[in-house]
1. Can you give me the pair-distance distribution of region 89-180, C-alpha pairs, 10 Å bins, whole percents?
2. Would you mind working out the accessible area per residue for the chain, using a 1.4 Å probe, and quoting it in Å²?
3. For the chain, take every pair of Cα atoms, bin their distances at 5 Å starting from 0, and report each bin as a whole percent.
4. Roll a 1.4 angstrom probe over the protein heavy atoms and tell me the percent of accessible area of the chain that is carbon or sulfur.
5. In nm, to one decimal, how far is the GLU67 label point from the SER87 one, both placed 7 Å along Cα→Cβ?
6. Once label points are set 7 Å from the Cα along Cα→Cβ at both ILE110 and LYS161, what is their separation, rounded to one decimal in nm?
7. Which one, THR153, THR101, GLY34, projects farthest toward the positive side of the charge dipole computed for the chain from Cβ point charges (K/R +1, D/E -1)?
8. With only alpha-carbon atoms counted, please give the Rg and Dmax of region 46-124, in Å.
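The values are calculated or read from the model by the stated rules, or taken from the named source; none is laboratory data. Here the structure is a predicted model, which means the values were calculated and not measured. Note that each Cβ is placed from the backbone with ideal geometry, even for glycine, and that neighbours are counted across all protein chains shown. Ligands, DNA and RNA are excluded from the accessible area calculation, which covers all protein heavy atoms including side chains. Shrake-Rupley method; radii C 1.70, N 1.55, O 1.52, S 1.80 Å.
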Amino acid sequence: MIATSDFRKGKKIEYKGEPCEIIDFQHVKMGRGGAVVRTKLKSLRTGNVLEDTFRSGEKFETPSLEEKEMQYLYEQDDMHYFMDMESYEQIPLTSAQLDDTKKFIKENMIVKILYYKGAPMSVEPPMFVELAVAETEPAFKGDTASGGSKPATLETGAVVKVPFHIQVGDVLKIDTRTSEYIEKVK
């Protein structure tokens, strides 16, 4: 059981029969009466964000979540196929289930898949990925390495802001949590 005093960003609780992740929370002490906790929750099943207020001390179940490492194999007809590294079983997921993660994964990449009650729900890519630049504007004489950025389309279709000196074919390290350029890989 998880009490409201144990709330932390990223903590997972079961709310209204659905697994949710705490995005934000705030303890509020009212003038009269007890304290409350205003909370923003993200449904792990649908991705919807909802806000709710709970009395201080209220308790929630811990959802029965399981995380498996799987290898991304290929995409076919809006379905993405992953292979369990232990049993070699393949599972298909839709583009909707992948959401924004599909712009950071490529074939043969190892990802984590979150299961809830035996059913796959979401895919978590590695924290940092290395992807090649597929398209970007050319650098011009006079552009400096600091003080500006331009958009670059990566091999997976993701668009990130990069410094002016980055060219097509360069391999970049990208933070998948923030979609930000970290560094150029040598």
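1. 15, 42, 25, 12, 5, 1
2. Details: 11320 Å² over 186 residues.
Per residue, the chain has 61 Å² of solvent-accessible surface.
3. With a bin width of 5 Å, the distribution comes to 1, 7, 13, 14, 13, 13, 12, 10, 8, 5, 3, 1, 0, 0.
4. Of the solvent-accessible surface of the chain, carbon and sulfur hold 47 percent.
5. Reported label-point gap for GLU67 and SER87 is 2.0 nm.
6. The two pseudo-label positions are separated by 3.4 nm.
7. Comparing the listed Cα positions along the dipole, GLY34 ranks first.
8. Radius of gyration, then largest Cα-Cα span, for region 46-124: 15.3, 48 Å.
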